[in-house]
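What follows draws every value from the coordinates through simple rules; no lab data is involved. None of the values given here were measured: they were computed from a predicted structure. Because the Cβ atoms are built from the backbone with ideal geometry, glycine has one as well, and the counts that use them run over all protein chains shown.
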Amino acid sequence: MTDVTGAFPGFDERLAGVRSRIEAASPDPTAVTLMAVTKGFGPEAVRTAVAAGLTVVGENYADELVAKAHAVADDPGPAPQWHFLGAIQRNKVPRLAPLVACWQGVARVAEGRAIATRRPGARILVQVDVAGLPGRGGVPVAEVADLVTALRGEDLDVAGLMAVGPPGPPEDARPGFREVRCLADDLDLVVRSMGMTDDLEVALSEGSTMIRVGRALFGERPPRA
């Protein structure tokens, strides 16, 4: 595993550290997908991740995803599987639809319908609001089952649930992550996208099957212009 661009010295060591954390925290490390979140970094972050075998790549901003996807489109080797992590704005769905392999963060039927119109059969995750904070996005726990049922009625592959833990000590995220796991079990959903750099151990111990990691792999993000 090598950093093909030299843009992220120590990447291999940081990746090994994250994998060690997964091994220590997850009851089934082989079932965990490690997503490289390249938000705020350039296409070189995508190339570095893919060269290291991290082909699942997450982006929060539509413009960044489109630009990076085009920048690496002709690169040799495996192509990244793009996951869109940001708020879904229906006016941006047409540009994203040909590129996105999975839409994390679906919180309304209208969002799912807009995706299905442009990408029938698209894979989506429903975002659960476990923090209860303004601007965080997601659907309240009590409304998740109804939303999943409604989205299953659209032309969509509802694969699982996604959650962002609250700010503060990682242990504060445990009750919400546990709720998401129980909901996923009840709804027969396989994917539980929970946990980031700071709280991935808690998420994994509560049954996360996908963690979204940026800072622990690439270092601190540069300020967004």
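When L151 is tested against (1) in contact with a helix residue (DSSP H, G or I) (Cβ under 6 Å, 6 or more places away or on another chain); (2) closer than 22 Å to T55 by Cα, exactly one condition is not met: (2). Candidates are the residues of segment 134-159 that are touching a residue at least 24 places away in the same chain (Cβ under 8 Å) and assigned to a loop (DSSP other than H, G, I, E, B); the one that is nearest to A107 (Cα to Cα) is G138. Does at least one position in segment 200-223 carry a residue that is under 16 Å from the mean Cα position of the chain (by Cα), outside any helix (DSSP H, G or I) and surrounded by fewer than 19 Cβ atoms within 10 Å (Cβ to Cβ)? Within segment 200-223, none of the residues are under 16 Å from the mean Cα position of the chain (by Cα), outside any helix (DSSP H, G or I) and surrounded by fewer than 19 Cβ atoms within 10 Å (Cβ to Cβ).
If you go through segment 161-216 and keep only what is polar (S, T, N, Q) and in contact with a strand residue (DSSP E or B) (Cβ under 6 Å, 6 or more places away or on another chain), you end up with S193, T197, S208, T209. Screening L217, L200, L204, L189 for residues that are within 23 Å of E13 (Cβ to Cβ) and out of contact with any Pro (no Cβ under 9 Å at 6 or more places or on another chain) leaves exactly one candidate, L217. Of all residues in segment 115-163, those satisfying the criterion of being farther than 22 Å from P94 by Cα and either among the β-branched types (V, I, T) or in contact with a Pro (Cβ under 6 Å, 6 or more places away or on another chain) (or both) are V128, D129, V130, A131, V139, V141, V144, V148, T149. Of the residues making up segment 15-41, those that are in contact (Cβ under 8 Å) with a residue 60 or more places away in the chain and basic (K, R) number 2. Of all residues in segment 180-199, which are within 17 Å of the chain's Cα centre (by Cα) and part of a helix (DSSP H, G or I)? Of everything in segment 180-199, those that are within 17 Å of the chain's Cα centre (by Cα) and part of a helix (DSSP H, G or I) turn out to be V180, R181, A184. When segment 19-54 is limited to residues that are surrounded by fewer than 19 Cβ atoms within 10 Å (Cβ to Cβ) and β-branched (V, I, T), the one that is farthest from M162 (Cα to Cα) turns out to be T30.
In this structure, G105 does not qualify as part of a loop (DSSP other than H, G, I, E, B), free of Cβ contacts under 8 Å to residues at least 60 places away in the same chain and either closer than 30 Å to V202 by Cα or among the aliphatic types (A, V, I, L, M) (or both).
Taking the criterion of being part of a strand (DSSP E or B) and closer than 13 Å to V72 by Cβ, the only residue of segment 28-41 that qualifies is A36.
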